[in-house]
Amino acid sequence: MSFIIGAGVAFLTAMSYAEMVTAYPEAGAEYIYVRRAWPKANWLAFGIGAVILIGGAATAATVAIAFGGYLRVFKIGRAHV
């Protein structure tokens, strides 16, 4: 049951994000949306931009660590051959 609920939440999130990206196709659509929705709250748009950057850096770091793990296994496997 929890997987069905999680899938439903993920589906709704994907559909709302798809709607926003369609409305604002520029890079950083979240930042553009917040800046246009609340033009006087520049701090909020800046915060959203910072969250986007931190999320991208965390994703890149995770992928780099995983790729490094794969290379380590390959290197160890080649040394024993």
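The values are calculated or read from the model by the stated rules, or taken from the named source; none is laboratory data. Here the structure is a predicted model, which means the values were calculated and not measured. These area figures cover heavy atoms from the full protein model, side chains too; ligands, DNA and RNA do not enter into them. Shrake-Rupley method; radii C 1.70, N 1.55, O 1.52, S 1.80 Å.
Key figures
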read-out	value
Of all accessible heavy-atom area on the chain, the percent that carbon and sulfur account for (1.4 Å)	74 percent
The chain, accessible area per residue, ligands and nucleic acids excluded (1.4 Å, Å²)	85 Å²
Two-decimal log10 I(q)/I(0) for the chain, as the Debye equation yields it once each C-alpha is a single scatterer, q = 0.16 Å⁻¹	-0.82
Computed over the chain: relative contact order in percent, which uses C-alpha pairs under 8 Å that are six or more apart	16 percent
Kyte-Doolittle mean at least 1.0, axial Cα span of 15 Å or more - DSSP H helices of the chain	2-23, 42-80
